[in-house]
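> My questions will all concern the structure given below.
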Amino acid sequence: MSDEVTRIDEGGVERRFKMHDAFELEGTPYYLVEDAADPDSVLLLRESESGLETVDGDEFKRVMAALEEDNVE
């Protein structure tokens, strides 16, 4: 696995991220990444059939709680 992930946002802008952690929860792969240009910007990404998607809201809270409690694979 590479240490960097590249995403293209809705505006077509390519953004690079550094990988912090990769794990699975309930069979879904997740990636915790830091924006290469802005280390204060950290995202939680979910792997789906269409690519990597940003996780937010209730799912973000649930996944981060599982990660903090070390209940991930």
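> Could you list, ordered by first residue, the pairs with Cβ atoms under 8 Å in which the first is in the stretch 1-12 and part of a loop (DSSP other than H, G, I, E, B) and the second is at pLDDT 85 or above and open to solvent by 50 Å² or more (accessible area, probe 1.4 Å), at least 6 apart or interchain?
Asp3/Lys18; Asp9/Arg15
> Filter the stretch 15-38 down to residues that are more than 22 Å from Glu59 (Cα to Cα) and either touching a residue at least 24 places away in the same chain (Cβ under 8 Å) or touching a Ser or Thr at 6+ places or on another chain (Cβ under 6 Å) (or both) and give me whichever is most open to solvent (accessible area, probe 1.4 Å).
Here the residue is Arg16.
> Another question, if that's okay. For the stretch 45-54, does any single residue satisfy the condition of being modelled with pLDDT of 90 or more, outside any strand (DSSP E or B) and not basic (Lys, Arg)?
Checked against the condition, which is being modelled with pLDDT of 90 or more, outside any strand (DSSP E or B) and not basic (Lys, Arg), the stretch 45-54 yields at least one hit.
> Of everything in the stretch 57-73 that's touching a residue at least 12 places away in the same chain (Cβ under 8 Å) and not in a helix (DSSP H, G or I), which residue is surrounded by the fewest Cβ atoms within 10 Å (Cβ to Cβ)?
Glu73
The values are calculated or read from the model by the stated rules, or taken from the named source; none is laboratory data. Being a predicted model, the structure only gives us computed values, none of them experimental. Glycine also receives a Cβ, built like all others from the backbone with ideal geometry; neighbour counts cover every protein chain displayed. Surface accessibility is based on the protein's heavy atoms, side chains included, excluding ligands, DNA and RNA. Shrake-Rupley method; radii C 1.70, N 1.55, O 1.52, S 1.80 Å.
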